[in-house]
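Notes follow the structure.
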Amino acid sequence: MAEYGALKAEQTSRIALRDRLMYAALAALAATLALVIQPAGRPYLLLLLPLVCITLGWTYFSNDQKISAIGKYLRRHLAPALGTSDGRAGGSLAWESVHRCDPLRRLDKFTQLAVDLLMFVVPSLLSTVLYWAAGDLRADLFTLSIIEALVTLGFAARVVAAAYALAREQDPSRA
């Protein structure tokens, strides 16, 4: 039970951090847009947003992966061990599995994927396209913007692949 308590505490702190990262991403988006729409017209500042979005997005994604890994460990390894040690089969840590049986879970997971992409990928790509459309392109910043767009697309692919793998793991017949 001590291991369970420690893992749940880590999971809880990671969930709190993950949730704060969403607010940080919104603040960064607002701050960057405020800088860009200043009368001085500095469209190159749009290139700050992909750096912020990908950094916050990767941190968010990494925490989310660890949160899921802790839950998976609790369900697959700790719950059976506790069930064996106290003589109850299948009753230990039931919440770790029961809440996953919600009939709307797949829809919730798909919606969360869409929100993650809207928070971290779309602003990054949109700011890059807006920089390109501004017309005041410098070779070094244009190169940077291409790199940022490629990194953003790579990040998006990784997030989608993780969501697909999770869906397949939960229900191999439907993924």
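The values are calculated or read from the model by the stated rules, or taken from the named source; none is laboratory data. Worth saying up front: this structure is predicted, and the values here are computed from it rather than measured. FYI the Cβ positions are ideal-geometry reconstructions off the backbone, even for glycines, and counts take in every protein chain you see. Heads up: the accessible areas ignore ligands, DNA and RNA and are worked out on the full protein's heavy atoms, side chains in. Shrake-Rupley method; radii C 1.70, N 1.55, O 1.52, S 1.80 Å.
The table below lists the values:
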{"quantity": "Test set (1) open to solvent by less than 50 Å² (accessible area, probe 1.4 Å); (2) under 25 Å from residue 10 (Cβ atoms); (3) at pLDDT 90 or above - residue 114 fails condition number", "calculated": "(2)"}
{"quantity": "Subset of the range 22-53 [surrounded by fewer than 20 Cβ atoms within 10 Å (Cβ to Cβ) and farther than 25 Å from residue 138 by Cα]", "calculated": "22, 23, 24, 26, 27"}
{"quantity": "Count - residues of the range 36-84 that are small (Gly, Ala, Ser) and within 14 Å of residue 155 (Cα to Cα)", "calculated": "2"}
{"quantity": "Tabulated pairs, the range 3-21, first closer than 21 Å to residue 115 by Cα, second open to solvent by 70 Å² or more (accessible area, probe 1.4 Å), C-beta under 7 angstrom, 6+ apart or interchain", "calculated": "14/66"}
{"quantity": "Flag for residue 73 being closer than 18 Å to residue 118 by Cβ and out of contact with any helix residue (DSSP H, G or I) (no Cβ under 6 Å at 6 or more places or on another chain)", "calculated": "no"}
{"quantity": "Residue that is least open to solvent (accessible area, probe 1.4 Å), among those in the range 136-164 that are touching a residue at least 12 places away in the same chain (Cβ under 8 Å) and not in a helix (DSSP H, G or I)", "calculated": "136"}
{"quantity": "Candidate set from the range 54-83 (those that are small (Gly, Ala, Ser) and over 30 Å from residue 130 (Cα atoms)); member that is surrounded by the most Cβ atoms within 10 Å (Cβ to Cβ)", "calculated": "79"}
{"quantity": "The range 27-38 residues that are among the β-branched types (Val, Ile, Thr), paired with ones that are not in a helix (DSSP H, G or I) (beta carbon under 7 Å, 6 or more apart)", "calculated": "36/42"}
